[in-house]
């Protein structure tokens, strides 16, 4: 360590008489910037380290001369010290002090902060981009070419007895759930979760999501029954029902397992097996992603909000009846 | 109340249709049913009974040990729900045992699901 430095110092010392005072500010600026140079090019640390010590030696020499002559270079010196937290170099009178000061090499707190900061920012950016691309891929994958793979046209009635078709879903994202009011335990839990998800998404993205529950049990779930039933979960949930064939077709379009007996007697007691996924559909009516029971309301709301934020096309913020 | 033209004339318990289904599966009615179910299952746990529906023997033991709880259970729930919950108790127990066994063997449980972010 000592000998090469001595050589360099010697060279600088011997060069010194040849350097005109006018050129000194350039050396000074170079020295002040070296922390930045090092933080960007950590791969060339060793080379930079040598340069650094060389520069520092020049600086100390130059500084001493500045003090001696009281030239205008002193102003430049103060102005370019903004990045340094260490002891002022004017205190370093001898070459030994300069070496002691530069013992730590080019690594100082500023360089470390900038390096970690840059690395963190890059990491955050690439993570975000990676997630966005993955979401895009899912959205693209599930968007069937020509005929959609999940979902499709349907014509049903809502809980107020008004006609509701697949066209009414357009312009907003929709969260479609299949269930029935006489469901023992899973559907009520999932509908409570749906209400939470809906609220969270609404808070984050505005009124751009339609929560829809399609009954798999049209014989018992009349619009009036659905109205009273859904009111307890969230007044905004749209409950859809229809006749047996309409519901069967809709379930088939959404690839929902459908086991409702076709001819039930009034008052008959039975259960219906059905799939328990939430289907997220985009504003063009295409399937985006299925959200299973293993998602918490929080996680599901995040998945939905992220897809909504990715959407480039127009989104209706108004109510469909407005 | 009463979307159905006829209902049962039971005074206690939830209102039911002639077929034994809920007239209105509202939140309150569901809560009552869950409460009755939990009481019945607690009784089964106390008497170390797992299956109260699938076997003749199980049905008899359950009736002897927890007959009263069973009646309240039936009164507060739709009949289809009672059957569902009783069967679910057995299934849940078996599932728990399977998971325990797999974990004891050092395996990992991965729930099957549609491809989601990060898994595809």
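Determine whether the range A:248-258 contains at least one residue that is on the phi > 0 side of the Ramachandran plot, within 11 Å of another protein chain (Cβ to nearest Cβ) and surrounded by fewer than 20 Cβ atoms within 10 Å (Cβ to Cβ). Scanning the range A:248-258, I find at least one residue that is on the phi > 0 side of the Ramachandran plot, within 11 Å of another protein chain (Cβ to nearest Cβ) and surrounded by fewer than 20 Cβ atoms within 10 Å (Cβ to Cβ), so the answer is yes. With respect to the conditions (1) modelled with pLDDT under 60; (2) in a helix (DSSP H, G or I); (3) out of contact with any helix residue (DSSP H, G or I) (no Cβ under 7 Å at 6 or more places or on another chain), residue A:141 lacks only one, and its number is (1).
In the set A:151, A:161, only one residue is assigned to a loop (DSSP other than H, G, I, E, B) and modelled with pLDDT under 90; that residue is A:151.
Counting the residues of the range A:243-269 that are farther than 24 Å from residue A:198 by Cα and part of a loop (DSSP other than H, G, I, E, B) gives 13. Taking every residue in the range B:82-104 that is within 13 Å of another protein chain (Cβ to nearest Cβ) and pairing it with any residue that is part of a helix (DSSP H, G or I), at least 6 positions away or on another chain, the pairs with Cβ-Cβ distances below 7 Å are B:82/B:73; B:82/B:74; B:85/B:37; B:89/B:41. Condition test on residue A:130, is it modelled with pLDDT of 90 or more, loosely packed, with under 13 Cβ neighbours inside 10 Å, within 14 Å of chain B (Cβ to nearest Cβ) and assigned to a helix (DSSP H, G or I)? Spelling it out, residue A:130 is indeed modelled with pLDDT of 90 or more, loosely packed, with under 13 Cβ neighbours inside 10 Å, within 14 Å of chain B (Cβ to nearest Cβ) and assigned to a helix (DSSP H, G or I).
Looking only at residues of the range A:270-282 that are touching a helix residue (DSSP H, G or I) at 6+ places or on another chain (Cβ under 9 Å) and modelled with pLDDT of 90 or more, we find that the one that is surrounded by the most Cβ atoms within 10 Å (Cβ to Cβ) is A:281. Could you look through the range B:24-55, keep only residues that are more than 30 Å from residue A:232 (Cβ to Cβ) and without any contact (Cβ under 8 Å) to a residue 24 or more places away in the chain, and pick out the one that is nearest to the other protein chains (Cβ to nearest Cβ)? This residue is B:45. In the range A:203-224, the residue that is surrounded by the most Cβ atoms within 10 Å (Cβ to Cβ) out of those that are out of contact with any strand residue (DSSP E or B) (no Cβ under 7 Å at 6 or more places or on another chain) and either away from every other protein chain (no Cβ under 14 Å) or within 14 Å of residue A:303 (Cβ to Cβ) (or both) is A:205.
The values are calculated or read from the model by the stated rules, or taken from the named source; none is laboratory data. Remember, it's a predicted structure, so these values are computed and weren't measured experimentally. With ideal geometry, Cβ positions are generated from the backbone for all residues, glycine too; neighbour counts draw on all protein chains shown.
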